[in-house]
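The values are calculated or read from the model by the stated rules, or taken from the named source; none is laboratory data. No experiment lies behind these values; they were computed from the predicted model shown. Quick reminder, even Gly has a Cβ in these numbers, built from the backbone with ideal geometry, and neighbours come from all protein chains shown.
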Amino acid sequence: MLTKAEKTKQFILETAAPLYNLKGISGVNIDDVLAATKLTKGCLYGHFENKEDLSEQVIDLLLKKITDKMYQAVAGKKTAKAKVFAYMDMHKDPIDTFISGGCPIFNAAVDADDNFPVIKQKVAAIFRAGQESLTNILKEGINNGEFSPSLDAATFSFKLVAAIEGGIVICRTLDTTKPMLSLIKSLKAELEQYSV
């Protein structure tokens, strides 16, 4: 059971998360968070040292939400192919994302690139872990005879993540899901070529 202080802190983080995902770290100011939460500055600073502390904790929450969603998408799948397809299908609608503003991993990566080294390291860890997970799933598929040994699991994983993340940005910019659906279909067809 959370204490009242912990509930308030969680409320602040949950309320600030969509603001950060839409506006970016530099685009959000404390007044935005205060207006959204209807809390006082004193209350906010009772839970966070400064904007940097708030930003880091909000980004942690956003990254946890998206990685949890990815792991849930693949968790119940029995085969390696079904797991990879579930990961792809999770990204079918880059316009109506479950957190307003698009993919928090990509958004934080772009936002943190040169200005927020701590957040950049957090995003890099998420990218590495995600690609490693996909690589391991594909290797599992090779080992259990689903995929041909000629499949380069690490390269395909990188290509998959890079294509999906890039597709999200382009589709959101063009305000259409159509290219993403074609991209996913193409990636699935490519992976199918390695099916045994």
Exercise for review: Test each condition in (1) surrounded by 15 or more Cβ atoms within 10 Å (Cβ to Cβ); (2) over 14 Å from the mean Cα position of the chain (by Cα); (3) not in a loop (DSSP other than H, G, I, E, B) for MET70 and report the one that comes out false.
Suggested key: (2)
**Study point:** Selection within segment 151-189 - exposed (fewer than 13 other Cβ atoms within 10 Å of the Cβ) and either aromatic (Phe, Trp, Tyr) or in contact (Cβ under 8 Å) with a residue 12 or more places away in the chain (or both)
**Key:** ASP175
Study note, to complete from the structure: Reported set for segment 137-150 where residues are over 25 Å from THR67 (Cβ atoms) and either charged (D, E, K, R) or free of Cβ contacts under 8 Å to residues at least 24 places away in the same chain (or both) is PRO149
**Study point:** Criterion: modelled with pLDDT of 95 or more and closer than 23 Å to TYR71 by Cβ - qualifying residue of GLU190, GLU132
**Key:** GLU132
Exercise for review: Could you look through segment 150-173, keep only residues that are among the polar types (S, T, N, Q) and part of a helix (DSSP H, G or I), and pick out the one that is farthest from SER195 (Cα to Cα)?
Suggested key: THR173
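So which residues in segment 24-43 are touching a residue at least 40 places away in the same chain (Cβ under 8 Å) and either surrounded by 15 or more Cβ atoms within 10 Å (Cβ to Cβ) or under 12 Å from GLY101 (Cβ atoms) (or both)?
First pass over segment 24-43, keeping only residues touching a residue at least 40 places away in the same chain (Cβ under 8 Å): 24-26.
Of everything in segment 24-43, those that are touching a residue at least 40 places away in the same chain (Cβ under 8 Å) and either surrounded by 15 or more Cβ atoms within 10 Å (Cβ to Cβ) or under 12 Å from GLY101 (Cβ atoms) (or both) turn out to be GLY24, ILE25.
Which count do you get for residues in segment 44-60 that are surrounded by 12 or more Cβ atoms within 10 Å (Cβ to Cβ) and of a type in the set (S, T, N, Q)? Before you say what the answer is, go through the steps one by one.
Residues of segment 44-60 surrounded by 12 or more Cβ atoms within 10 Å (Cβ to Cβ): 44-48, 51-60.
This time we only want the ones that are of a type in the set (S, T, N, Q), so: 55, 57.
Residues flagged as surrounded by 12 or more Cβ atoms within 10 Å (Cβ to Cβ) and of a type in the set (S, T, N, Q) within segment 44-60 amount to 2.
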Practice item. Check segment 124-141 and report whether any residue there is of a type in the set (Asp, Glu), in contact with a helix residue (DSSP H, G or I) (Cβ under 8 Å, 6 or more places away or on another chain) and not in a helix (DSSP H, G or I). Key: no
